[in-house]
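Asks: Quick one: this structure, given as structure tokens, is what I'll be asking you about.
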Amino acid sequence: MKTIPCIMFVSMLLFAIFYVTGSVSNLPLLVASHFDGNGDPNAYMPRKSYTMFVLISGVGLPLAIVALLTAVYSKARDMKLPNRDYWLAPERIAQTRALLVNHGVWFGTTITAMVCFMHWLELDAHRTVPPHLSSQLFAGGLAAFLLITLGWIFVLLRAFRLPRA
């Protein structure tokens, strides 16, 4: 596993923990936790439950994904990949496994960043009474996450092309 993706992942997890726990007290005891298309709240939850939900989504889920992908890919011998015979050859399988684990770590980092962004939107929504979520910022963040995810898939698939002779 490469160092930079791991440092980024751990840094993002620590940031998420400190950011959420350090800012959640700015929310009311009953948090508007779901909003309709106009940005108006239509569901609420206690602040403690909201905090647990955000930490599980932004820290627990990415950790579980990275742990699962690491466990699976670090020992896998047969995977469905483009040009699989080349990439699963004995002299390259360790490189292939490391690449897949590193991509999983980057994806976990992206998920954590998205959850932190959503928490920031939640904090912003509660700056007004009644709370109001910016539909434009939500849509922009979702579009950015989807574009990053598509880019991540593209880079991953591109990594499994055959090298030029």
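Asks: Out of curiosity, is Trp152 at pLDDT 95 or above, surrounded by fewer than 17 Cβ atoms within 10 Å (Cβ to Cβ) and among the aromatic types (Phe, Trp, Tyr)?
Replies: no
Asks: Sticking with this one: If only one of Val129, Val115 is surrounded by 14 or more Cβ atoms within 10 Å (Cβ to Cβ) and of a type outside the set (Asp, Glu), which one is it?
Replies: Step by step, each of Val129, Val115 is checked, and only Val115 is surrounded by 14 or more Cβ atoms within 10 Å (Cβ to Cβ) and of a type outside the set (Asp, Glu).
Asks: Just the residues that are under 14 Å from Val115 (Cβ atoms) and over 20 Å from the mean Cα position of the chain (by Cα), please, taken from segment 25-59.
Replies: The answer is none; no residue qualifies.
Asks: Which of the helices (runs of 4 or more DSSP H) found entirely inside segment 30-88 contain at least 2 residues meeting this: open to solvent by less than 60 Å² (accessible area, probe 1.4 Å)?
Replies: In segment 30-88, the matching helices (runs of 4 or more DSSP H) lie at 47-55, 61-73.
Asks: Starting from segment 65-92, take each residue that is at positive phi and list its partners that are open to solvent by 50 Å² or more (accessible area, probe 1.4 Å), counting only C-beta distances under 9 angstrom and pairs at least six apart or across chains.
Replies: Asn83/Arg161; Asn83/Leu162
Asks: Hey, another quick one. Looking at Leu27, Leu99, which is the one that is of a type outside the set (Phe, Trp, Tyr), modelled with pLDDT under 95 and open to solvent by less than 80 Å² (accessible area, probe 1.4 Å)?
Replies: After applying the criteria, what remains is Leu99.
Asks: Another one. Looking only at residues in segment 132-149 that are among the aliphatic types (A, V, I, L, M) and in a helix (DSSP H, G or I), which one is most open to solvent (accessible area, probe 1.4 Å)?
Replies: Leu147
The values are calculated or read from the model by the stated rules, or taken from the named source; none is laboratory data. Here the structure is a predicted model, which is why all the values come from computation and not from measurement. Neighbour counts are summed over all protein chains in view; Cβ atoms, including those assigned to glycine, are modelled from backbone coordinates with ideal geometry. Accessible surface is based on the protein model in full, side chains and every heavy atom, while ligands, DNA and RNA are left aside. Shrake-Rupley method; radii C 1.70, N 1.55, O 1.52, S 1.80 Å.
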